[in-house]
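Asks: Pasting a structure below so you can have a look.
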């Protein structure tokens with residue numbers, strides 16, 4: 001059978017098995033094993049478990065559960081609410097400051113916790129009721145939180161980036177740094193939109209008040225004294241110090257990325273124990289259980305995705321597909337657009353971990369041949385996968401919002417996030433015009 | 001990244017074994033899973049502590065240690081594989097549930113049983129190959145390539161045990177699904 005036929009069969013079999021609802025990890029593993037049995041030497045089946053173990057037993061990959069532990073520790077404490085309250089107080093004098101405070105809180109929390117849904121949940125629980133109480137439309141409030149949460153996989157340390165660095169064989173340290181500029185760009189775009197939208201809704205509220213005397217919470221102002229603002233800082237500062245400390249340890253040459261994961265987890269646990277008195281087994285148990293659940297689910301998908309990619313490579317499917325794409329002689333930007341489109345469609349159904357590991361062997365060689373910087377592309381790919389977190393049909397963050405604010409209709413949430421999806425497209429466009437936003441920082445910091 | 005657990009979006013566990021000769025086995029697996037979660041939590045804490053110790057000892061005592069990465073890998077691999085049955089017990093291994101939306105409840109129950117049987121076949125195969133890998137490593141006294149060189153049968157045993165328990169958990173879910181089909 002030709003490589004093309006085997007490749008097509010492999011792709012179709014994967015789609016069919018996955019759409020039966022079989023867990024992604026087992027589906028990928030089953031398809032790989034069946035193709036090993038039919039198309040590879042019989043001895044290869046004897047080494048299947050060794051393959052999975054050897055691919056997984058990398059301390060870089062296995063640092064993922066420790067990053068999840070750090071995120072769960074911070075996510076299950078009151079840090080999110082405190083961070084939000086402090087930013088809200090400090091931004092209260094700025095027009096649209098509440099929206100900006102929510103975006104900033106999401107970005108800072110995401111950088112500390114490294115998880116999009118955890119960010120949505122932690123900041124949204126305080127932020128959505130507050131915004132609605134102040135007159136923000138429900139869809140707008142939900143959109144800010146859903147989109148703000150996605151910054152979790154762009155700002156370091158990002159689990160998605162750890163996998164991309166393994167799949168693309170690029171420096172994890174550089175990749176983490178490359179995410180900072182685009183992350184800040186998105187924060188700026190989201191905040192600017194929040195201010196604009198605030199002005200529109202505020203103007204409408206003023207007009208309604210002038211015309212019919214309809215009072216809106218938009219027109220109320222809360223003033224915080226300097227003393228109140230300063231009093232909020234002590235609870236937030238340690239977490240900001242943790243964030244900065246971990247980055248200094250990583251880039252100051254004190255710790256490897258995996259050591260940073262362990263160190264970050266230990267520091268986060270110490271901080272929640274000292275600040276929120278969360279040190280009893282009953283406090284720690286939900287954190288540890290959530291970490292194990294998430295880690296096990298993810299690591300099994302990663303292990304089986306690696307086996308799946310190994311089979312694809314052994315059967316020359318990935319190499320042939322990559323050569324075929326190169327052979328199409330598409331223009332550079334058409335190639336990039338087509339690949340990002342593919343990633344986006346896959347994002348409708350698959351979690352980012354599977355998308356990266358399954359597609360990297362096929363899409364990265366043509367991109368490299370076209371002269372694209374793979375670190376820069378990693379950032380673009382991450383932003384596209386972020387979109388998958390907020391748009392239907394899967395849109396995990398949408399479900400988180402529905403969980404914390406069940407009275408907001410799904411339709412409002414979906415329409416509320418759409419402007420943010422458009423802003424993400426705009427960010428991709430800006431990054432294509434000015435790639436330095438991503439590549440400048442790693443070049444300056446790591447010579 | 002899909003942090004469903006942190007976000008409080010746990011999937012439903014599905015039917016449980018109601019009675020019969022397999023009920024005690026189902027309870028035993030549930031009991032074992034509860035203890036594995038505690039051990040797994042300790043293993044993750046140990047891995048974090050080991051990596052932190054590595055940074056501290058290098059920075060403050062200028063002492064490089066060569067075992068921290070492998071020790072952490074063993075702890076995390078053990079925690080992940082051993083907990084896989086627990087995660088399956090509440091169907092936490094995510095899949096694409098698109099088809100479920102288009103099928104009738106009856107057809108969905110049949111689909112779930114078929115999917116579980118296929119999952120069991122894969123897990124049982126993987127468990128079998130894990131035990132042969134463990135046996136080989138144990139008999140040949142295989143060690144890792146590092147200067148520390150711990151025996152490889154340790155992580156292989158954890159992998160084999162975890163996947164075997166996972167296969168057993170899926171098998172129990174198959175039985176529970178079949179019992180439900182036969183039921184009212």
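Asks: Using 10 Å bins from zero, what percent of all Cα-Cα pairs in region B:49-93 falls into each bin?
Replies: Values per bin, smallest distances first: 26, 32, 22, 15, 5.
Asks: Of A:111, A:146, A:57, which has the largest mean-square fluctuation in a 10 Å C-alpha GNM of chain A?
Replies: So, out of A:111, A:146, A:57, the one fluctuating most is A:57.
Asks: What nm distance separates the two modelled labels at residue B:64 and residue A:334, each placed 7 Å from Cα along Cα→Cβ?
Replies: Once both label points are built, they end up 5.2 nm from each other.
Asks: Another one. Note the per residue figure in Å³ for the convex hull of the C-alpha positions in the protein assembly as shown.
Replies: Spread over its residues, the Cα hull of the protein assembly as shown gives 175 Å³ apiece.
Asks: How much FRET efficiency would the formula 1/(1 + (r/R0)^6) give for residue A:313 and residue B:132, where r is the Cβ-Cβ distance and R0 is 22 Å, rounded to 0.05?
Replies: For R0 = 22 Å, the calculated efficiency reads 0.35.
Asks: Continuing with this model, one more query. With the crude spin-label approximation of a point 7 Å out along Cα→Cβ, what separation in nm comes out for residue B:140 versus residue A:4?
Replies: So the two model labels end up 4.1 nm from each other.
Asks: Would you kindly state how much longer the chain becomes between residue A:283 and residue A:200 on full extension, computed as 0.36 nm times their sequence separation minus their alpha carbon distance, in nm to one decimal? Can you show the working numbers first?
Replies: Working: separation 83, 0.36 × 83 = 29.88 nm, distance 4.38 nm.
Additional length available on full extension: 25.5 nm.
Asks: Something else about it: Along the Cα-to-C-beta direction of residue A:47, a point sits 7 Å from the Cα; which residues of region A:284-323 have their amide N less than 19 Å from that point?
Replies: Only A:303-319 fall inside the zone, counting backbone N under 19 Å.
Asks: On each of the three principal axes of the Cα atoms of region A:113-240, give max minus min coordinate, whole Å, ordered largest first.
Replies: In descending order, the Cα extents are 63, 32, 22 Å.
Asks: Please compute the average number of Cβ atoms from other chains found within 10 Å of each residue's Cβ in peptide A:349-356.
Replies: 2
Asks: Mind pulling the angle between the C-alpha long axis of helix A:172-212 and the longest principal axis of chain A? Nearest 10 degrees, somewhere in 0 to 90.
Replies: 40
Asks: While we're looking at this one, here's another question. Helix A:226-251 versus the longest principal axis of chain A: what is the Cα-based angle in degrees, 0 to 90, to the nearest 10?
Replies: Its long axis makes an angle of about 20 degrees.
Asks: Something else about it: In a Gaussian network model over chain A where Cα atoms closer than 10 Å are linked, find which of A:228, A:201, A:130 has the largest mean-square fluctuation.
Replies: A:228
Asks: So what's the convex hull volume per residue for the Cα atoms of region A:1-110, in Å³? All intermediate terms of the calculation are to be shown ahead of the outcome.
Replies: On the way: hull volume 19.8 nm³, N = 110.
Spelled out: Cα convex hull of region A:1-110, divided by residues, is 180 Å³.
Asks: Given just the C-alpha atoms of region A:304-447, how large is their convex hull per residue in cubic angstrom?
Replies: Working: hull volume 20.1 nm³, N = 144.
It is 139 Å³ per residue.
Asks: Using only Cα atoms, find the angle between the long axis of helix A:436-445 and the longest principal axis of chain A, and express it within 0 to 90 degrees, rounded to the nearest 10.
Replies: Once rounded, the angle reads 80 degrees.
Asks: Between residue A:225 and residue B:34, with labels modelled 7 Å along Cα→Cβ, what's the label distance in nm to one decimal, could you check?
Replies: 5.3
Asks: Tell me, A:270, A:325, A:398 in order of fewest to most beta-carbon neighbours within 10 Å?
Replies: By the 10 Å Cβ count, ascending: A:270, A:325, A:398.
Asks: Follow-up question, since we're still on this one. When the C-alpha atoms of region B:38-184 are aligned to their principal axes, what extent does each axis show, in angstrom, from largest down?
Replies: 68, 35, 24
Asks: How would you rank A:439, A:214, going from fewest to most other Cβ atoms within 10 Å of each one's own Cβ? Write out the running numbers ahead of the final one.
Replies: Details: A:439 19, A:214 11.
Result, fewest neighbours first: A:214, A:439.
Asks: Given a 10 angstrom Cα cut-off, can you work out which residue in A:124, A:139, A:371 is the most mobile in a GNM of chain A?
Replies: Result for chain A, Cα springs under 10 Å: A:371 fluctuates most.
Asks: Given all pairs of different Cα atoms, what value in angstroms does the Kirkwood hydrodynamic radius of region A:247-357 take?
Replies: Hydrodynamic radius (Kirkwood, Cα only) of region A:247-357 equals 18.2 Å.
Asks: Moving to a separate point now. List A:413, A:16, A:384 from most exposed to least, where exposure is judged by having the fewest other Cβ atoms within 10 Å.
Replies: By the 10 Å Cβ count, ascending, the order reads A:16, A:384, A:413.
Every read-out reported here was derived from the displayed coordinates using simple, explicitly stated rules and does not represent laboratory data. As the structure is a computational prediction, the values presented were derived from the model and not from experiment. For neighbour counting, all protein chains shown are included, and Cβ atoms are generated from backbone atoms with ideal geometry for every residue, glycine included.
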